[in-house]
1. With θ taken as phi - 60° and the coefficients 6.51, -1.76 and 1.60, list the Karplus ³J(HN,Hα) couplings across the range 100-108 in order, rounded to whole Hz; mark glycine and proline as x.
2. Explain nothing, just compute: Karplus ³J(HN,Hα) = 6.51 cos²θ - 1.76 cosθ + 1.60, θ = phi - 60°, for every residue of the range 115-126 in order, whole Hz, x for Gly and Pro.
3. Measure off 7 Å from each Cα along the Cα-to-Cβ vector at His54 and Ala81, then give the distance between these two points in nanometres to one decimal.
4. Considering only DSSP beta bridges whose two residues both sit in the range 68-151, what percent are antiparallel, to the nearest 5?
5. What is the set of long-range amide H partners of Leu38 at a cut-off below 5 Å, with H atoms built 1.01 Å from backbone N?
6. For the range 246-263, take each phi angle, set θ = phi - 60°, evaluate the Karplus expression 6.51 cos²θ - 1.76 cosθ + 1.60, and give the result in whole Hz per residue in order, putting x for glycine and proline.
Amino acid sequence: MIPRQCRTLFAFISIMAFELAFLGGCASAPYTGRQQLLLISEGEETALGVKAFHDVMKKEKMSTDPKVNALVKGVGSRIAAVANKPGYAWEFAVIDKPKTVNAFALPGGKVAVYTGLLPYTQTENGLAFVMAHEVGHVLARHGGERMSQQLLLQLGQQGLNVAIAGRSPVAIDAINTGYGIATTVGVALPFSREQEYEADKIGLILMAKAGYDPREAPAFFDRMMRGAKQASPPEFLSTHPTDQHRIRNLNALIPEAMRYYRK
């Protein structure tokens, strides 16, 4: 049985979320139309994302390999061109960590790929899916959903407004956690299965629009899963569904994505 104090807290959060929905917190995810509850504006989320990105870049070792940087920036620019976010100041960074198999994208058009992921992407199509998938999380504001929940639980509505307005460390930590780049072990929470499938769908459509073959996406995940069996799961998979349902779902989405594909 849930303790009385917890029931009271859950009721309070439910009432607050219900009220905020009528105050402009209700939105729809692109390409899927899924209804979302978002408690901060896209502009506020973007400002926090830009600051969080620059904070990460100050701490990380950046790749100086001209070929790798040109590849990531070239693929990223094509994805950005079809993302329909002309107000974003797009940046594409390569972080030199060969043992880190990961990538992330933040509000405001900030995208980073770790060098440890490149042996798995292998081709431009593989890299395009990874980058488009991460951009899909941003377009659907998945991190904003989690960030809103986290800050609301920690601070309440008034504290949430103050933290966002001041771009405080609490708000930056929340957006880092929301987009899966928190550095503290156990802090970064996985996206929900629904959000991952949604990012897959958006990512396939974006890569197809950009001229990359979406039929290559399942092969990338197959390589990732084979690698996960040989060693500890790559970080890119540790926050994603890893079973065969993922590949089957990708294959089911490909016919729709192919309608957007132009070489």
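1. In residue order, the calculated couplings are 9, 9, 7, 7, 7, 9, 10, x, x Hz.
2. 4, x, 7, 4, x, 8, 5, 6, 10, 4, 5, x
3. The answer from the label model is 2.9 nm.
4. Numbers: 4 of 9 bridges.
If I count the DSSP bridges inside the range 68-151, around 45 percent turn out antiparallel.
5. Cys26, Ala27
6. 5, 5, 4, 5, 4, 4, 5, 7, 4, x, 5, 5, 5, 5, 9, 7, 9, 5
Bear in mind that the values in this text are calculations on the coordinates, not laboratory data. Just so it is clear, the model here is predicted, and its values are computed rather than measured. Cβ: placed from backbone, ideal geometry, glycine included. Neighbour counts: every protein chain shown.
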